[in-house]
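One structure is given here, and the rest of the page talks about it.
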Amino acid sequence: MFSNKRYITCGISSAIPHEIQLALWRMIDNLRASTDVEVDYLQIFRLSIQNGKQKIIHRQEEPVYCNEILVAFIWNPVENAKIFVIDDGEHSTMMLAEEY
């Protein structure tokens, strides 16, 4: 999973800074590199601001996985966003939840 061509939607391109996009792909890559967690075809991210930092919650439903990080701002923060990254076997697509 998630080792194929990667795409982003227009919504991601316009609403999510490139640095955050890269961080989300990196979080998926780190999950894939983990030997003890099976990667689901649907990855879910929630972005918010907490204590002056960008909060990113990364989760999947099957099997259950959740990782939460806080990152100091080095770009424009994203206050409230839900992002899906879906692997359909041929390619992986990052999209805003409302684009699904």
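Computed values, structure above
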{"read-out": "Scattering curve values for the chain, log₁₀ I(q)/I(0), Debye with Cα scatterers, q = 0.15 Å⁻¹", "value": "-0.56"}
{"read-out": "Phi to ³J(HN,Hα) by Karplus 6.51 cos²θ - 1.76 cosθ + 1.60 over region 18-32, Hz, x for Gly, Pro", "value": "3, 4, 6, 4, 4, 4, 5, 4, 5, 5, 5, 4, 5, 5, 4"}
{"read-out": "nm² value of the averaged projected area, convex hull over the Cα atoms of region 27-81", "value": "4.1"}
{"read-out": "Mean separation of Cα contacts under 8 Å (6+ apart) over length of region 5-99, as relative contact order %", "value": "33"}
{"read-out": "Size of electric dipole in the chain: Cβ of Lys, Arg +1 and of Asp, Glu -1, about Cα centre, debye, nearest 20", "value": "420"}
{"read-out": "Distance in nm between pseudo-label sites at Cys66 and Lys53 (7 Å out along the Cβ direction from Cα)", "value": "1.8"}
{"read-out": "Sorted peptide list for 38-49, 9-20, criterion being average Cβ within 10 angstrom, highest first", "value": "38-49, 9-20"}
{"read-out": "Anchor Lys82: lysines whose Cα lies under 21 Å away (excluding residues fewer than 8 positions away in-chain)", "value": "Lys53, Lys55"}
{"read-out": "Net length gained if the chain between Phe73 and Ser3 were fully extended (0.36 nm per residue, minus Cα distance)", "value": "22.3 nm"}
{"read-out": "Förster-model FRET efficiency, 30 Å R0, Cys10 and Thr35, C-beta, rounded to 0.05", "value": "0.25"}
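Every number here is computed from the coordinates shown, using simple stated rules; none is lab data. Keep in mind that what you see is a predicted model, and the values were worked out from it rather than measured. All Cβ positions, even for glycine, are placed from backbone atoms using ideal geometry, and neighbour counts span all protein chains on display.
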